[in-house]
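Chemist: Sharing a structure with you now.
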Amino acid sequence: MALSLFRTVRGRLLALMVAIVLPIACLTAAAAVATYRTVFEAIQTSQTRAADDFAVRARVWYRGALRSLVTSAAAIRAVSPASDSCDRIAEKAIAAVSGYEALLLRVSGRPDCVGGLDGSIPRSELAAVAGQLAKLPAVKLWGGTEFTKARYDQVTITGRSYLAVYSEFDEGDALLLSKPDPLDDVFDLGTDDKGMMAALLRRGGEVVVARGGAQADASWLPQAETVPEQTTHWTAPSRAGPDRTYAARIVAEPDLYVLVSFDGSAERAATTQFYTLLLAPLLTLTLLGLVYMKAIDQHCVRWLRGIEATARARSSSSGARVPLSDEMPRDIRSVAEAFNAMVDEQEVRQSKLRLALDDNRFLVRELHHRVKNSLQVVQSYIGLAKRDHNGEARMALSDAECRVHVLSAAYRFTLADGEMQPVRIDLFLDDVVAMVSSLIVARGQRLESRIETRAALPIDRIIPLGFLIVDVASRALRAAPGLGLELAVTNAGEGIIDIAITTDRDTAQIAPPRLFAGLLMQIEAVEISPPQGRSLGVWRLGHGAPRRPDAVQPSPAAGVISTPTLSPRKAPAGPT
């Protein structure tokens, strides 16, 4: 009971732990994964918006520069000054805005109007740049609000880089060159994010302007250039080797676009947060489970183990009891007290049972002794009665006396040592053969025995065996005067013996009575050879192993003599 209780409690505790921890772990994992995805999506959205912000700032600057160019060109065209005056007006127009370096205005039928802050930019270079930009496709409309056909580009003149803004109108065109510094100021967001790099790039990977003036450092750029159609976001190896995250946005088709790069610190922080959110609750649940199991083991399971150990010790020590303690929980103490009470009650029942068995054994032994004595008295009365009869009556009394002797001999052998025990076949049949020779065999007849087994049978099988021998011998000796019989008992295998009765000459076979089939059934014997010629029959029976399942059983229609079923014991050395 204790062992079963221990296993039941342990199984329920484990099931309870699984029922509590598993759903919480699943919910925690689901929450951590959802948070991880949300954070990553927010990071990607933020990176894309950063590229959009830089692109919008660059577009706003370009639009402002384009507006300045268009306004200045319209004003100069409206005044239509002389050539010298036109150059001075253009120079004053670009000097008003920081970063503007040169202005070229070309109107058909008029001389070119060129204004520059210094003379380092030749007129011919300005004209060449204007002619080059005129061949490029116009910038696509931004939201449908562009007010002129414009082209944007980056040019290098006399070893210096300039941002070029070109505008085309009906009777001519205009060109504005600016330093990259104003656009660099546009890229300054006022924050110091060392993990982020931003630049305006030209198709081919050439840096026009970079955030913080880092045009010379191109290690953060991707190894393979990706020019966006409009906007794109991807992760790729940088020119320095490590992977970086990139977001790009087109500024001016088809060449200028903004590229923003991130070192992945935000993603790593999100991954760390994910594992923290995932593992911290699981570790907490594991710790709580261990503490819970420790508490259960200390306050519950260890007492159940004590009950189990006591239950196992009962097999070797009948006085084993569960030790009681004040530290026991009330329910377990109740179980332990009930266990001890059950053990005490069991010992009382076993003691009473032993006494009852001893009394019963004594009574049974006394009963069998009285039966044995009564059979001997009956046999004596039959022997005395024979003296007053002759002929058939005397032979009938001899048969009866012989059968009573079988019963008496069986009880005498089985109670030889004072206890019921199996009877040796050889000793019993020798005694039966001697009695048949004394009571039934007439003058000129003989009965011999050849018994080659020392096997033993219980009394409920030895008695019908004796009856069978007496019945066959009696019928044969009565029917044939001067007949000789031989009883042979031989070993036919392990736990199997054969019993055969033969005559010294051929005799007429006499059908056995109906009682004969009942005797075979009680002996658990099988007839393996029917009576024929000199053989009165051969029977096979087992004495050590169960009867073979293929044995042919006699018909139960015949009468059966009931004999007591007794437990087998050691064979006696002989009758007392």
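The values are calculated or read from the model by the stated rules, or taken from the named source; none is laboratory data. On a predicted model such as this, the values are computed, not experimentally measured, just so you know. Here the Cβ is made from the backbone with ideal geometry for all residues, glycine too, and neighbour counts use every protein chain on show. These accessible areas exclude ligands, DNA and RNA; they are computed on the full protein's heavy atoms, side chains included. Shrake-Rupley method; radii C 1.70, N 1.55, O 1.52, S 1.80 Å.
Chemist: Can you name every residue in segment 442-456 that is among the small types (Gly, Ala, Ser) and more than 20 Å from Arg394 (Cα to Cα)?
Modeler: Ser449, Ala455, Ala456
Chemist: Then there is this: Given the condition in contact (Cβ under 8 Å) with a residue 60 or more places away in the chain, farther than 26 Å from Asp430 by Cβ and surrounded by 11 or more Cβ atoms within 10 Å (Cβ to Cβ), answer yes or no: does some residue in segment 365-372 qualify?
Modeler: No; the residues of segment 365-372 include none that is in contact (Cβ under 8 Å) with a residue 60 or more places away in the chain, farther than 26 Å from Asp430 by Cβ and surrounded by 11 or more Cβ atoms within 10 Å (Cβ to Cβ).
Chemist: A further question follows. Only one of Gln553, Gln532, Gln522 is modelled with pLDDT of 85 or more and either on the phi > 0 side of the Ramachandran plot or surrounded by fewer than 13 Cβ atoms within 10 Å (Cβ to Cβ) (or both); which?
Modeler: Answer to the check: Gln532.
Chemist: Give the number of residues within segment 414-440 that are crowded, with 18+ Cβ neighbours inside 10 Å and assigned to a loop (DSSP other than H, G, I, E, B).
Modeler: Residues meeting the conditions: 6.
Chemist: Still on this structure: Restricting to segment 237-263, name every residue that is open to solvent by less than 50 Å² (accessible area, probe 1.4 Å) and free of Cβ contacts under 8 Å to residues at least 24 places away in the same chain.
Modeler: Ser238, Gly241
Chemist: Do you know which of the residues in segment 105-156 that are modelled with pLDDT of 80 or more and among the basic types (Lys, Arg) is farthest from the chain's Cα centre (by Cα)?
Modeler: Filtering segment 105-156 for residues that are modelled with pLDDT of 80 or more and among the basic types (Lys, Arg), the one farthest from the chain's Cα centre (by Cα) comes out as Arg110.
Chemist: So which pairs qualify, if the first residue must be in segment 83-102 and within 17 Å of Tyr166 (Cα to Cα) and of a type in the set (A, V, I, L, M, F, W, C), the second must be modelled with pLDDT of 80 or more and part of a loop (DSSP other than H, G, I, E, B), the Cβ gap must be under 7 Å, and the two must be at least 6 apart or on different chains?
Modeler: Hits for this filter: Ala102/Ile121.
Chemist: Under 29 Å from Tyr246 (Cα atoms), surrounded by 14 or more Cβ atoms within 10 Å (Cβ to Cβ) and touching a residue at least 24 places away in the same chain (Cβ under 8 Å): which single residue out of Val56, Val139 fits that description?
Modeler: Val139
Chemist: Under 8 Å by Cβ, and 6 or more places apart or on different chains, what pairs join a residue from segment 313-326 that is surrounded by 14 or more Cβ atoms within 10 Å (Cβ to Cβ) with one that is aromatic (Phe, Trp, Tyr)?
Modeler: Once the first residue is surrounded by 14 or more Cβ atoms within 10 Å (Cβ to Cβ) and sits in segment 313-326, its partners that are aromatic (Phe, Trp, Tyr) give Val322/Phe339.
Chemist: Also, I was wondering about something else. For segment 63-119, give me each residue that is open to solvent by 80 Å² or more (accessible area, probe 1.4 Å) and at positive phi.
Modeler: Residue satisfying the conditions is Gly109 alone.
Chemist: Please verify whether segment 177-198 includes one or more residues that are modelled with pLDDT of 85 or more, touching a strand residue (DSSP E or B) at 6+ places or on another chain (Cβ under 7 Å), closer than 28 Å to Glu91 by Cα and part of a strand (DSSP E or B).
Modeler: The answer is yes; a qualifying residue exists.
Chemist: Only one of Ala456, Ala479 is of a type in the set (A, V, I, L, M), over 27 Å from Leu384 (Cβ atoms) and open to solvent by 50 Å² or more (accessible area, probe 1.4 Å); which? Break it down into steps so the answer makes sense when it comes.
Modeler: Details: Ala456 fails: open to solvent by 50 Å² or more (accessible area, probe 1.4 Å).
The conditions single out Ala479.
Chemist: Looking at segment 231-304, what strands (runs of 3 or more DSSP E) fall wholly within it and have at least 1 residues that are hydrophobic (A, V, I, L, M, F, W, C) and over 43 Å from the mean Cα position of the chain (by Cα)?
Modeler: The qualifying strands (runs of 3 or more DSSP E) are 243-252, 256-262.
Chemist: Val209 versus (1) part of a strand (DSSP E or B); (2) at pLDDT below 85; (3) surrounded by fewer than 19 Cβ atoms within 10 Å (Cβ to Cβ): which is the lone unmet condition?
Modeler: (3)
Chemist: What pairs can you find where one residue is in segment 163-176 and outside any strand (DSSP E or B), the other is surrounded by fewer than 18 Cβ atoms within 10 Å (Cβ to Cβ), and their Cβ atoms are less than 6 Å apart, with a gap of 6+ or different chains?
Modeler: Note: pairs meeting the criteria are Glu171/Ser108.
Chemist: What tally of residues in segment 456-502 results from selecting those that are modelled with pLDDT of 90 or more and part of a loop (DSSP other than H, G, I, E, B)?
Modeler: Here the count works out to 1.
Chemist: Which condition number does Leu357 fail, the rest of (1) buried (at least 18 other Cβ atoms within 10 Å of the Cβ); (2) at pLDDT 85 or above; (3) assigned to a helix (DSSP H, G or I) being met?
Modeler: Result: Leu357 fails condition (1) only.
Chemist: Run Thr226 past the list (1) open to solvent by 20 Å² or more (accessible area, probe 1.4 Å); (2) over 55 Å from the mean Cα position of the chain (by Cα) and report the number of the one that doesn't hold.
Modeler: Unmet condition: (2).
Chemist: Given the structure, is Ala409 open to solvent by less than 20 Å² (accessible area, probe 1.4 Å), outside any loop (DSSP other than H, G, I, E, B), of a type in the set (A, V, I, L, M) and in contact (Cβ under 8 Å) with a residue 60 or more places away in the chain?
Modeler: yes
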